[in-house]
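Scroll down for the structure; my scribbles are underneath it.
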Amino acid sequence: MASKAQIAKAVDARLAAAVAAGAERRKRGDLAVSVRYEPRRKRLHIELASGVAVDVPVIAVEGLAAAKPIVIRRVEIVGKGHGLYWPSLDLDISVPDLVAGCLGTKTWMTALARQAGHATSPAKSASSRANGRKGGRPRKVEVARMSAAVKQITQPTSRSDNPL
């Protein structure tokens with residue numbers, strides 16, 4: 001178990017990075033200043049500090065798809081615009097991550113892939129074992145070598161090299 005000193009040191013080491021990331025988000029303006037639920041369209045309308053407005057289908061937000069309109073309407077902005085919170089559902093959503101997901105940024109897609117990579121299933125385990133029996137994944141050097149060989153084969157020859 002970690003001591004108080006070890007915990008304090010770990011928190012201090014990460015605090016500066018977290019503060020810098022928050023400042024960057026504020027500067028970019030991807031924090032919520034207002035939010036409302038539009039029941040006819042079944043969408044959340046989020047106004048950002050940058051002036052951009054984003055409409056998000058409720059069905060796309062995990063935890064809200066089955067919620068009743070009266071519950072969805074009771075959304076609160078928390079964390080100086082960093083989050084949306086539904087008290088009766090005890091649901092928190094990160095605004096910057098939600099916006100990034102809607103706009104499909106590379107950062108969001110990387111985060112999704114990282115999260116999906118941690119998922120385990122019997123099928124995934126079986127596939128991993130099968131790949132292991134074949135020698136595992138190709139190494140990056142081998143992939144580069146194979147790429148170069150394919151490129152060489154598929155390049156058209158010049159007229160002077162072609163005997164026909």
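Got a sec to turn the phi values of region 71-76 into Karplus ³J(HN,Hα) couplings, 6.51 cos²θ - 1.76 cosθ + 1.60 with θ = phi - 60°, whole Hz, x for Gly and Pro?
Result, ordered by residue: 6, 5, 4, 8, 7, 10 Hz.
Under a 5 Å amide H to amide H cut-off, with H placed in plane at 1.01 Å, what residues pair with S50 once short-range neighbours are removed?
L31
Every number in this text was worked out from the coordinates using simple rules, so none of it is lab data. Since the model is a prediction, treat every value here as computed from it, not as a measurement.
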